[in-house]
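In what follows, a single structure is set out as structure tokens and then discussed.
Where a number appears in this text, it was derived from the coordinates with a stated rule and is not lab data. Just so you know, these numbers come straight off a predicted model, no measurement behind them. Note that each Cβ is placed from the backbone with ideal geometry, even for glycine, and that neighbours are counted across all protein chains shown.
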Amino acid sequence: MNWVVYMVKCKDSSIYTGISNNLKKRLDTHKKGNGSKYVRARLPFKLIYTEDCQSRNKATKREIEIKKLDKKNKELLVELHTKKEL
């Protein structure tokens, strides 16, 4: 089963990082206010980053790595990822 690490930018410009094996469903859950308390208090949000992982274990490890970054470095990661896709 494939997993994805994702980041969303909330209305207060903060960045939330999470993992899911069904990103569309997870984002819908956040939008309805039934996801994390963090995102629920900062709706609306915008998906800004995704990274595919081959297992939950790898996704969790990557999520932890990203969460350790400060906001500036998270934004840099998003920027580099966006340029790579172009």
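Below is a table of values for the structure above.
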item	result
Neighbour-limited loop hits for trypsin sites (Lys or Arg not before Pro), the chain (at most 12 other Cβ within 10 Å; DSSP other than H, G, I, E, B)	K11, K32, K68
Over 21 Å between alpha carbons, listed pairs K31/K83; K11/K58; K31/K58; K11/K32	K31/K83; K11/K58; K31/K58
Cα pair count fraction exceeding 21 Å, expressed as % - the chain	27
Student exercise, the chain dipole from Lys, Arg, Asp, Glu Cβ charges, in Debye to nearest 20	320
Spatially proximal lysines relative to K84 (Cα-Cα < 19 Å; intrachain offsets below 8 disregarded)	K72, K74
